[in-house]
Amino acid sequence: NMPSQDLERSVDQYSGSVANKVIRSRRSPKIWDYPAAVVSCKKNNGDNRIYSGRSSKPTSGMYEPLLEIALTRLGGVGQESRNGCPYTIGNCAEPHAANKLLKNTAAAVGLEQILFSTALRPRTRQVIPYCANCRAVFPSLTHQR
């Protein structure tokens, strides 16, 4: 199943806004570099609010409990993954975006209910494949490219 058009539009706009922020910040002494990836997500059941996130260093306890538990199964937030994935657990854009969705949704949401856009590299707009950690945590990603 392909990511929905509204998610693709959202991640494209978010990617552009992240890129613009980086370009603007180059003039200031505070260096703000491109995150490696950005992604957008929403619930799969008619709640059309979209949340976007970017890859960044995670800290233990920053994630909603449901997500923290799923990430901990891989070896722990901020740790190397047991499944051989080269990325630090919780560093990807996907858990950052999903965490915003979980924090802002009153009703309980299962991780299998979260749909994602394609992940993009803001510098180039290149599509980034979902990593093994994210596929292990978010069931919907196993059915997407």
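The values are calculated or read from the model by the stated rules, or taken from the named source; none is laboratory data. The structure displayed is predicted, hence computed values, not measured ones. Every residue, glycine as well, gets a Cβ built from its backbone with ideal geometry; the counts of neighbours run over all protein chains shown. Side chains are part of the model used for accessible areas, which takes the heavy atoms of the whole protein and leaves out ligands, DNA and RNA. Shrake-Rupley method; radii C 1.70, N 1.55, O 1.52, S 1.80 Å.
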| field | Protein accessible area in the chain, 1.4 Å probe - carbon and sulfur % | value | 51 percent
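Given the peptides 55-63, 11-19, 102-110, arrange them by the average over their residues of other C-beta atoms within 10 Å, most packed first.
Sorting 55-63, 11-19, 102-110 by mean packing, highest first, produces 11-19, 55-63, 102-110.
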| message | A 18 angstrom limit on the alpha carbon distance is what I want to check against. Which of Lys21/Lys42; Lys21/Lys43; Lys21/Lys103; Lys43/Lys103 exceed it? | response | Lys21/Lys42; Lys21/Lys43; Lys21/Lys103
| What's the long-distance tail for segment 72-145, i.e. % of Cα pairs beyond 19 Å? | 37 percent
| field | Heavy-atom accessible area per residue - the chain, 1.4 Å, Å² | value | 53 Å²
| If you project the alpha carbons of the chain onto their three principal axes, what span does each projection cover, largest first, in Å? | 42, 34, 29
